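Only one structure is covered here, and it is reproduced in the block below.
Throughout, read-outs are computed from the coordinates displayed, never taken from laboratory work. Remember, it's a predicted structure, so these values are computed and weren't measured experimentally. Methodologically, a virtual Cβ is constructed for each residue, glycine included, from the backbone with ideal geometry; neighbour enumeration extends over all protein chains shown.
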Amino acid sequence: MSESYRLAMGRRIVSRTSAEDLGPLTHLLIDLPGARVVAVGLGTGKKARLIDWSGLSGFGPDAIMVADEDAIRGPVHERERDALDGKLDPIGRRILTELGSELGIIVDVTFDPDTGIVEQLQMADRSIPAASSLGSGTYAVVVDAAQEPAP
């Protein structure tokens, strides 16, 4: 069953070993050309941290479980810092084809909570397979021109 980016935001992150609530999910770091969630964000501002997807032991409907607090780390490079600052959040981002046509605005993203594989980029009127993504940044997500509707 797919998970919704929008519905996952704010879900509590809990340590499996200490059973402590570490805080709410604030961001998902998504590698769109790779079509997968690579990390989850915890906290905001300068105190924001990441947990690599491989450090999660479960992504459930009520909580996100992490093996222990040792899995929490700071951002290593600028793209991770941008993700924690919200600059790479897909919601509200434009979808452009590689030929420059705008297809719409992302309203949600679905992913597999077991694997982190991103499945669909949802717009108001239709969805696009995430595997068609060629790149993403602070302005837009670029997808294969084959995603453009026929005239």
On a C-alpha basis, how far is the centre of segment 6-32 from the centre of segment 126-151 in Å? Whole number, if you could?
27 Å
Total charge of the residues flanking ALA146 in space, meaning their Cβ is under 15 Å from its Cβ, with Lys and Arg +1 and Asp and Glu -1, is -2
Students often check this: by mean Cβ neighbours within 10 Å, which of 7-13, 117-123 ranks highest, and how do the rest follow?
117-123, 7-13
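If you take every residue apart from VAL38 with its C-beta less than 12 Å away from the C-beta of VAL38, what net charge results, scoring Lys and Arg +1 and Asp and Glu -1? Don't jump to the answer; show the numbers that get you there.
Working: positive: ARG36, ARG79; negative: ASP31, ASP52, GLU80.
That sum, taken over residues with Cβ under 12 Å, equals -1.
What is the chain's relative contact order, in percent, from Cα pairs under 8 angstrom and six or more apart in sequence?
23 percent
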For volume of the Cα convex hull per residue in Å³, pick the label among (i) 134; (ii) 101; (iii) 113 that corresponds to the value derived from the coordinates.
(ii)
Lys, Arg +1 and Asp, Glu -1 on Cβ, resulting dipole of the chain about Cα centre, debye, nearest 20:
380 debye
